[in-house]
Amino acid sequence: MASKDINLPDIINLPRFTTLLVSLLVALGSGTNYVYSAYAPQLGARLNISHTHLNIVGLAGNLGVYTTGPIWGRMVDTHGPRMPMASAFVLLLVGYTGIKFIFDAGVPTNANANSSTNTISFFTSCVLVLCGFMTGAGGNSGFTGAVNSTAKTVPDKMRATATGIVISGFGLSAFLFSTVSRIYFPDNTSSFLGLLALGTSLPMIAGFFFVRPISLPTTPGRSSLEEARGSREDRDEEVDDEHSGEQSTLLPLSFPSLRTPSPSPSPSSQLRPPSLPRHPTNTLINIHPPKLFKSIDFWLLFSILSTLAGTGITYINNVGLMSQALYIHSLQGGGGGATYDPTKAARYQANQVSLISLFNFAGRIFIGLLTDTLYHTHGLPRSTSLILVSTLFLLSQLLAAFLISDVAHLYITSMTLGFAYGSVFSLMPNVCLEWFGIISSPFPCPSLSRSELINTITPTAHFSENWGYLAIAPVICGNIFAVVFGRNLDAHDNGPSLSFSPSSSPPPSPPPLPPSSRDPLKTSATIALPSSTCTLGRKCYVDAIYLTLFACFVALGLSVWAGWRDRQRMGLRREGGRWG
């Protein structure tokens, strides 16, 4: 194939635009795990389950997101995005439909309706947890396929922008669905769950047919194999040893893991893109399992992500319960005649979820622009931005623990936490790729075998798998923090002590849903407070916040260490030394 310059008509064409647009649509349907707080209090009230049980259901969704990462990453890397898209459709549809069915059924009708212990069976509880897991796994499956295909479809200069758009769509997903909930279903959780079932699964059908990696047109100085790296099934060209001189340009390198001799400038070094800092790039990185698990740097990033994302997950899953506790407490402080309005309480919940989602989106965009500027302009490694992200997490927990005691001001904490959470999940994949991703050397490397040289020319060959293993990190601290949070709320339960609107007193158990023949928007299952309710405001959860506050301090210290290690590596590279 004759070489030609890449121009706009070659890049901006209908197939690429379709892949990007549908990938964004898939991402918008994939991030609904973060909308859990918009319906969790209502779910707990109808099923009369404890806060700890609610947190376990939320954790199941998080487990679905993070523990399946290596599976979906491996599948996309080897077989392309179609199989993950099909899996996402089934998992999301069955998961949310199952939750809706359990919610509609409520507690057993043959149980003692006046008993505070009236709740769902153990089997139903297990099914509920399984459905939560399926929603998380399905969302992650579709999202992985969308991001991977987008990254392989656009050229290097547009890759960060294109993938950033898709990743940001994932962050906006909760905002989209919580806004719809607040406007159309403020007191109708059943219909909202039905919307989630259809609104998340249908985009995956579009992704199955239209999301695919598209090879880039040939450019001067670009190897034919690099043009075909869109997916492994597309790589049917034979690779010659001469390709070992090609330079991958997926993402700039941050440190050397393997040195090759280069005493004098080589013509092939001119292949280095001008966007990279002006320092030697005679390095090659190809760290993947099992070697990945022996790396101190992997466990350093794993610890930082676990503590920060665990803090974010705990807040996101419980912000609905927090807003409810603060709302009830504010009514108690308002004097006599205060009434609890379930619709108003649900709107407070949806508002927090919307703000978290919006600022999640903003954080993902901001941190990408900031790290690129610091790296290319000032030579600072991207890992140094972890210090800023950790500081934002720390600030959000300080606000929640010591300053915010009114539901009207909870938005400040939600915005800060959402911005930090989006930032860490936009920054970490880039740091993962820089520290462990594949960067081929512009100089000959005689110590490598032919198969190793082939691997070095395909910079995304192990990235999804590596990131999948790193993305398991939030599960550890997320589990610990969420269970502590739930138990702390249960320990402070003191039951409802307010009058209710519109009825004068709350029913001891949730009423059955109305027949389907009646208008669901006008006769929805409006739920009062469950029997397990904390009315102490911030005291309901502040002890658990102290734990996440301490974790953020630890993460800040680890982030400083990570930035220092990266700076040391960069210094050694400039001096021609070797790290470790």
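Things to note:
- Members of the stretch 158-195 found to be at pLDDT below 80, in a helix (DSSP H, G or I), open to solvent by 30 Å² or more (accessible area, probe 1.4 Å) and not hydrophobic (A, V, I, L, M, F, W, C), listed by number: THR161, ARG182
- Flag for PRO508 being part of a loop (DSSP other than H, G, I, E, B), modelled with pLDDT under 60 and either open to solvent by less than 10 Å² (accessible area, probe 1.4 Å) or of a type in the set (D, E, K, R) (or both): no
- For first residues located in the stretch 537-561 and closer than 29 Å to PHE298 by Cβ, partners that are among the aromatic types (Phe, Trp, Tyr) and at pLDDT 95 or above and lie 6+ apart or on another chain with Cβ distances below 7 Å form the pairs CYS552/PHE393; ALA555/PHE393.
- Whenever a residue of the stretch 84-110 is over 20 Å from PHE177 (Cβ atoms), its partners that are of a type in the set (D, E, K, R), lying with C-beta atoms within less than 6 angstrom and at least six residues away or across chains, give the pairs GLY106/ARG46.
- Residue under evaluation PRO289, criteria (1) within 23 Å of the chain's Cα centre (by Cα); (2) at pLDDT 85 or above; (3) more than 22 Å from THR163 (Cβ to Cβ), criterion not met: (2)
- Test: GLY537 is at pLDDT below 85 and on the phi > 0 side of the Ramachandran plot: no
- When the stretch 299-356 is limited to residues that are in contact with a strand residue (DSSP E or B) (Cβ under 9 Å, 6 or more places away or on another chain) and assigned to a helix (DSSP H, G or I), the one that is modelled with the highest pLDDT turns out to be TYR327.
- Unmet requirement for SER354, which otherwise passes all of (1) open to solvent by less than 20 Å² (accessible area, probe 1.4 Å); (2) under 25 Å from HIS53 (Cβ atoms); (3) touching a Phe, Trp or Tyr at 6+ places or on another chain (Cβ under 7 Å): (2)
- Criterion applied to LEU369, LEU388 was being modelled with pLDDT of 90 or more, farther than 30 Å from VAL57 by Cα and open to solvent by 10 Å² or more (accessible area, probe 1.4 Å), and the one residue passing it is LEU388.
- In the stretch 64-85, the residue that is most open to solvent (accessible area, probe 1.4 Å) out of those that are modelled with pLDDT of 90 or more and of a type in the set (A, V, I, L, M, F, W, C) is MET83.
- Considered as a group, the residues in the stretch 468-486 that are of a type in the set (Val, Ile, Thr) and part of a helix (DSSP H, G or I) include one that is surrounded by the most Cβ atoms within 10 Å (Cβ to Cβ), and that residue is VAL475.
- Within the stretch 372-385, the set of residues being of a type in the set (Ser, Thr, Tyr) and either over 19 Å from the mean Cα position of the chain (by Cα) or not in a helix (DSSP H, G or I) (or both) comprises THR373, TYR375, THR377, THR384.
The values are calculated or read from the model by the stated rules, or taken from the named source; none is laboratory data. Since this is a predicted model, take the numbers as computed values, not measurements. All Cβ positions, even for glycine, are placed from backbone atoms using ideal geometry, and neighbour counts span all protein chains on display. Side chains are part of the model used for accessible areas, which takes the heavy atoms of the whole protein and leaves out ligands, DNA and RNA. Shrake-Rupley method; radii C 1.70, N 1.55, O 1.52, S 1.80 Å.
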